[in-house]
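Student: Let me give you the structure first, and then I'll get to my questions.
What follows is calculated from the coordinates using simple rules that are stated; it is not laboratory data. Since the structure is predicted, the reported quantities are computational estimates derived from the model, not experimental observations. No Cβ is skipped: glycine too gets one built from the backbone with ideal geometry, and neighbour counts run over all protein chains shown.
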Amino acid sequence: MTATAEFEALYTEYRSKVLAYIRSHISDSADAEDLCADVFEKALRRWDDYDPARAAPGTWLFSITRNAVIDHYRRARPTEELPEALSDDALPEDGVMQEALLEELAAALEKLPDELTDLIVLRYYDGLPLTEIAERMDMSYGMVKIRHNKALSLLRAAMMK
């Protein structure tokens, strides 16, 4: 697939999500549309610099989007504070971005063997410590630690693709 075709696929998949994210922070729909176009223009200019080993395409695009919204507020209202949800130290947990990341995580979890998926669900969904997971899965604590690390490694690799 050519770089142009890859970017077109990215645009097709994420345009509505990027616009929804921007609209959730900027009430003027014309400004939101303009900013969405700016985000994709900036992403296109930087497409050759995109490194899939560092982040998934959606994650990369939403970091550009988040920064564009912050820059919009800085230009439009230099004397007002940024909304709390957009402060520089805020985590990228807005609904649209979180949904995209959860979709990537779900797809990555489906690629894991059932035993590793169960371990991840017990650890992060149920919040169980590894010692209790070892008891429930009838494994030694050391084996659970090894498989936990393997599962995280596999998830990381799957989400970077």
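Student: What nm value, rounded to one decimal, do you get for the distance between residue 74 and residue 115 when each label is placed 7 Å out toward the C-beta?
Tutor: 5.0 nm
Student: Work out from phi, with θ = phi - 60° and the Karplus expression 6.51 cos²θ - 1.76 cosθ + 1.60, the ³J(HN,Hα) of each residue of the range 110-119, listed in order in whole Hz, and give x for Gly and Pro.
Tutor: 5, 7, 7, x, 3, 4, 6, 4, 4, 4
Student: With +1 assigned to the C-beta of every Lys and Arg and -1 to the C-beta of every Asp and Glu, and no other charges, what is the dipole magnitude of the range 111-160 about the Cα centre in debye, to the nearest 20? Please report the intermediate quantities before stating the final value.
Tutor: Numbers: 7 positive and 7 negative charges, 68 e Å.
About 320 debye.
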